[in-house]
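Visitor: Let me give you the structure first, and then I'll get to my questions.
The values are calculated or read from the model by the stated rules, or taken from the named source; none is laboratory data. Everything quoted here is computed from the prediction, not taken from an experiment. Cβ: placed from backbone, ideal geometry, glycine included. Neighbour counts: every protein chain shown.
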Amino acid sequence: MTAMTFPDLDNYVQDPLHPVKPNVPTFAGPDEIPSHVPPELVKSCGLMFSPEFLAAPHEYMAAMQHNFPPIFYDVTPYRNAWHLTKHEDCLFVLRHADIFRNLEASPFPRDPDDYFFFIPQEVDPPQHRKYRNIVDPLFCPAGIKTLEGLIRQRAIDIIDGFVGDGECNFNTAFGRPLPVSVFLDIMGLPQDMRDTFVGWADIMIHSSDQAEIADAFGKAIVYLRGAIAEKKANPDGGVVSLIANAEIEGRKLSDKEVFGFVCFLWIGGLDTVYATLNNIWLWLAQNPDRVQEIIDRPDDIDKIVEELLRRYSVTFSTRVVMKDIEMRGVQIKKGDRVMTVLPSANFDPEVFPNPLEVDFDRPRKTILAFTVGVHSCMGGHLARMELKIALQEWLKRIPKFSVKPGAQIAFKPGGVVGPAAVPLVW
Ligand code: HEM
């Protein structure tokens, strides 16, 4: 047990113009457990990397509702943290940005002497809103609606390219090209970088080798810095250009602000929709009767998408606690890290009865795929639009399909959950 040293978080100034690494203690492994953690709440749940998790990740996260206490202290070689699985507790954390702050929320390695924040994720209110205001007009429902035609045509073109083959690996044929090419268009980044970007992001999100992650991130940093310089010199209509030339309260964003902002969008936008599509198409291929149900209910497409996002949410949120607090009788101390296990909260049977069942007629409840509160996902409306169009255009052209006989489905380890390949035949 480690005696807890309280970090000087009260005096920490979160200044994106002069970013300083926050002094949050990091505990890792069984020898670094703060003394206030009761031994009976210390667990190693194996989330993200263990063979038990990787055998069937969503079923595993559903089972966490009864296999683990609702709040427990998870111990891993990477970073120990409280894990919360109840829907109500996750909502409480995510809706109280004053108590649970987004310090060091992103795990990617940064030079402490040349620190930057991942914006907007690691900037809390009141500054957070100023950054979101720059991009929200593009990513709000009305902004995303203007992209509908482009996304639909892109989906049709991609499917037309392989529909005659009678088979494909869904991930590389459609799951990746659709959201990544749309994202590159929105950002104003070149389409020919698609596979290189995905390769770097894949290592950063799914590898557990720190040297490999640092190498991939280093390459992305060099590329993005070059792209930002180019957009400053030659502005265009893309989001990189918008951020590079944006102003807050009459001043241009600093180089570190621009970089941290573009870099976070790059990380947030590349892997998440891709993994979501892969999970959903695996389920569709295994459930032809449910495919027919989707085809038969065209007017219900929005609630169909919402239920699939609940059943197949792919990622997690972490926070740092700013004051001692008790939740369900558990003492959580200032400086502790908390992780909301969002996919597990989406399987909370008190909110979603028969949680593993895909039920398009569930009563409407807040789903946690994109979190809620100030840091709720900026790309949520884009992701919903892409899923909707993908379902509509795919099922028009390929209404009957199944997993290729003999294919073994393996899931990728890491912070975005999804199958490594989904071979399909029709
Ligand atoms: C199905 C797809 C997606 C899922 C499941 C997802 C999930 C999430 C989650 C859980 C968060 C909260 C992180 C936190 O609380 O610390 C988040 C934040 C964010 N996401 Fe997404 N995301 C998706 C797609 C996208 C896309 C396509 C983009 C970019 C175009 C994007 C950009 C962002 C940004 C910028 C934030 C930070 C928001 C803030 O802190 O204000 N996301 N996302």
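Visitor: Inside the range 196-283, counting only helices (runs of 4 or more DSSP H) that do not spill past its ends, which hold 3 or more residues that are surrounded by fewer than 15 Cβ atoms within 10 Å (Cβ to Cβ) and away from the ligand (no atom under 16 Å from the Cβ)?
Guide: Details: elements: 210-233, 239-244, 255-270.
Helices (runs of 4 or more DSSP H) meeting the threshold: 210-233.
Visitor: Conditions: (1) under 24 Å from Ile332 (Cβ atoms); (2) more than 16 Å from the ligand (Cβ to nearest atom); (3) of a type outside the set (Gly, Ala, Ser); (4) not in a helix (DSSP H, G or I). Gln121 meets all but one. Number of the miss?
Guide: Condition (2) is where Gln121 drops out.
Visitor: Yes or no: Phe352 of a type outside the set (A, V, I, L, M) and either more than 16 Å from the ligand (Cβ to nearest atom) or surrounded by fewer than 18 Cβ atoms within 10 Å (Cβ to Cβ) (or both)?
Guide: Working: of a type outside the set (A, V, I, L, M): yes; either more than 16 Å from the ligand (Cβ to nearest atom) or surrounded by fewer than 18 Cβ atoms within 10 Å (Cβ to Cβ) (or both): yes.
So Phe352 passes the test.
Visitor: Further question: What's the total number of residues in the range 232-261 that are of a type in the set (Val, Ile, Thr) and without any contact (Cβ under 8 Å) to a residue 40 or more places away in the chain? Quick ask: steps written out before the conclusion?
Guide: Residues of the range 232-261 of a type in the set (Val, Ile, Thr): 239-240, 243, 248, 258.
Of the ones still in play, those that are also without any contact (Cβ under 8 Å) to a residue 40 or more places away in the chain are 258.
Here the count works out to 1.
Visitor: Do the conditions hold for Glu293, that is, is it at pLDDT 95 or above and either assigned to a helix (DSSP H, G or I) or at positive phi (or both)? First the steps, then the outcome.
Guide: On the way: at pLDDT 95 or above: yes; either assigned to a helix (DSSP H, G or I) or at positive phi (or both): yes.
Considered against the rule, which asks whether it is at pLDDT 95 or above and either assigned to a helix (DSSP H, G or I) or at positive phi (or both), Glu293 comes out as yes.
Visitor: Looking only at the range 291-312, how many residues end up being among the hydroxyl-bearing types (Ser, Thr, Tyr) and either within 22 Å of Ala97 (Cα to Cα) or without any contact (Cβ under 8 Å) to a residue 24 or more places away in the chain (or both)?
Guide: Restricting attention to the range 291-312, the residues satisfying the condition of being among the hydroxyl-bearing types (Ser, Thr, Tyr) are 312.
Next, from what is left, pick out any that are either within 22 Å of Ala97 (Cα to Cα) or without any contact (Cβ under 8 Å) to a residue 24 or more places away in the chain (or both): none.
Number satisfying all stated conditions: 0.
Visitor: Here is a list: Phe370, Phe360, Phe316. Which entry is within 24 Å of Asp299 (Cα to Cα), near the ligand (Cβ under 8 Å from one of its atoms) and touching a helix residue (DSSP H, G or I) at 6+ places or on another chain (Cβ under 6 Å)? Outline the logic, then answer.
Guide: Values: Phe360 fails: near the ligand (Cβ under 8 Å from one of its atoms); Phe316 fails: within 24 Å of Asp299 (Cα to Cα).
Residue meeting the stated conditions: Phe370.
Visitor: If a residue has to be polar (S, T, N, Q) and outside any loop (DSSP other than H, G, I, E, B) to count, how many in the range 16-65 make the cut? Lay out the reasoning, then the answer.
Guide: Taking the range 16-65 and keeping what is polar (S, T, N, Q), we get 23, 26, 35, 44, 50, 65.
Next, only the ones that are outside any loop (DSSP other than H, G, I, E, B) stay: 65.
Residues that pass the stated criteria total 1.
Visitor: Looking for something away from the ligand (no atom under 15 Å from the Cβ), within 30 Å of Ala410 (Cα to Cα), surrounded by fewer than 20 Cβ atoms within 10 Å (Cβ to Cβ) and without any contact (Cβ under 8 Å) to a residue 24 or more places away in the chain - is there at least one such residue anywhere in the range 102-115?
Guide: Looking for residues that are away from the ligand (no atom under 15 Å from the Cβ), within 30 Å of Ala410 (Cα to Cα), surrounded by fewer than 20 Cβ atoms within 10 Å (Cβ to Cβ) and without any contact (Cβ under 8 Å) to a residue 24 or more places away in the chain, one finds none in the range 102-115, hence no.
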